[in-house]
1. Please work out which residue is least open to solvent (accessible area, probe 1.4 Å), limiting yourself to the stretch 18-60 and to residues that are aromatic (Phe, Trp, Tyr) and farther than 11 Å from Ala89 by Cα.
2. Out of all the residues in the stretch 1-17, which are more than 13 Å from the chain's Cα centre (by Cα), in contact (Cβ under 8 Å) with a residue 60 or more places away in the chain and in a loop (DSSP other than H, G, I, E, B)?
3. Out of the residues in the stretch 73-101 meeting the condition of being touching a helix residue (DSSP H, G or I) at 6+ places or on another chain (Cβ under 7 Å) and assigned to a helix (DSSP H, G or I), tell me which one is most open to solvent (accessible area, probe 1.4 Å).
4. I'd like the residue in the stretch 61-72 that is in a helix (DSSP H, G or I) and in contact (Cβ under 8 Å) with a residue 40 or more places away in the chain and, out of all such residues, is surrounded by the fewest Cβ atoms within 10 Å (Cβ to Cβ).
5. Take the conditions within 20 Å of Val104 (Cβ to Cβ) and either modelled with pLDDT of 95 or more or touching a Phe, Trp or Tyr at 6+ places or on another chain (Cβ under 8 Å) (or both) and apply them to Ala85. Does it pass?
6. Every residue in the stretch 18-55 that is polar (S, T, N, Q) and under 13 Å from the mean Cα position of the chain (by Cα), please.
7. Taking the stretch 39-62, which residues are within 17 Å of Lys10 (Cα to Cα) and either among the polar types (S, T, N, Q) or touching a Leu at 6+ places or on another chain (Cβ under 6 Å) (or both)?
Amino acid sequence: MVEKAYRIKKNGDFQFIYKKGKSVANRQFVVYTKPNKNLEHFRLGISVSKKIGNAVVRTRIKRAIRENFKVHKEDMLPLDIVVIARKPAKDMDTLQIQASLEHVLKIAKAFNKRI
């Protein structure tokens with residue numbers, strides 16, 4: 001589980017990142033990033049719409065996204081990151097979701113130079 005300090009939960013925070021942040025996308029995910037100078041670690045917000053599927057499907061996608069960030073915890077820059085899942089993500093397994101998410105995060109330049 002991602003610790004509380006690493007989460008974005010408030011709607012106001014989401015809206016601020018949507019308005020002021022930069023977005024990058026591939027077929028499965030849209031990622032908004034905004035630099036956060038107040039923290040020395042990243043914060044993560046996840047959005048999976050009801051249009052994608054039922055609660056079981058949405059929760060599976062969210063768990064795969066969280067797992068990816070847990071694996072790359074040390075490699076992330078101090079950014080506020082919001083990940084929005086798109087419809088094609090519902091047909092992917094966990095490894096495919098992680099590969100697609102890594103791809104879009106590299107485009108967004110959210111990783112340290114190590115990756």
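1. Of the residues in the stretch 18-60, the ones aromatic (Phe, Trp, Tyr) are 18, 29, 32, 42.
Among the residues that remain, those that are also farther than 11 Å from Ala89 by Cα are: 18, 32, 42.
On the way: Tyr18: 65, Tyr32: 51, Phe42: 5 Å².
It comes out as Phe42.
2. Within the stretch 1-17, Met1 is the sole residue that qualifies.
3. Filtering the stretch 73-101 for residues that are touching a helix residue (DSSP H, G or I) at 6+ places or on another chain (Cβ under 7 Å) and assigned to a helix (DSSP H, G or I), the one most open to solvent (accessible area, probe 1.4 Å) comes out as Lys90.
4. First pass over the stretch 61-72, keeping only residues in a helix (DSSP H, G or I): 61-71.
Checking the rest, the ones that are also in contact (Cβ under 8 Å) with a residue 40 or more places away in the chain come to 66, 69-70.
Numbers: Arg66: 17, Phe69: 21, Lys70: 13.
Of everything passing the filter in the stretch 61-72, Lys70 is surrounded by the fewest Cβ atoms within 10 Å (Cβ to Cβ).
5. Working: within 20 Å of Val104 (Cβ to Cβ): yes; either modelled with pLDDT of 95 or more or touching a Phe, Trp or Tyr at 6+ places or on another chain (Cβ under 8 Å) (or both): yes.
In short, yes.
6. Initially, the stretch 18-55 is screened for residues polar (S, T, N, Q), giving 23, 26, 28, 33, 36, 38, 47, 49, 54.
Listed by number, the residues that qualify are Ser23, Asn26, Gln28, Thr33, Ser47.
7. Phe42, Ser47, Ser49
One line per residue, one yes/no per condition, for (1) among the hydroxyl-bearing types (Ser, Thr, Tyr); (2) touching a His at 6+ places or on another chain (Cβ under 6 Å); (3) closer than 17 Å to Gln96 by Cα:
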| residue | (1), (2), (3) |
| --- | --- |
| Gly12 | no, no, no |
| Leu39 | no, no, no |
| Leu44 | no, no, no |
| Ser49 | yes, no, no |
| Val57 | no, no, yes |
| Arg66 | no, no, yes |
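The values are calculated or read from the model by the stated rules, or taken from the named source; none is laboratory data. Because the structure is a prediction, the values reported are computed rather than measured. A quick note on method: Cβ atoms are made from the backbone with ideal geometry, for glycine too, and the neighbour counts reach across all protein chains shown. Accessible surface is based on the protein model in full, side chains and every heavy atom, while ligands, DNA and RNA are left aside. Shrake-Rupley method; radii C 1.70, N 1.55, O 1.52, S 1.80 Å.
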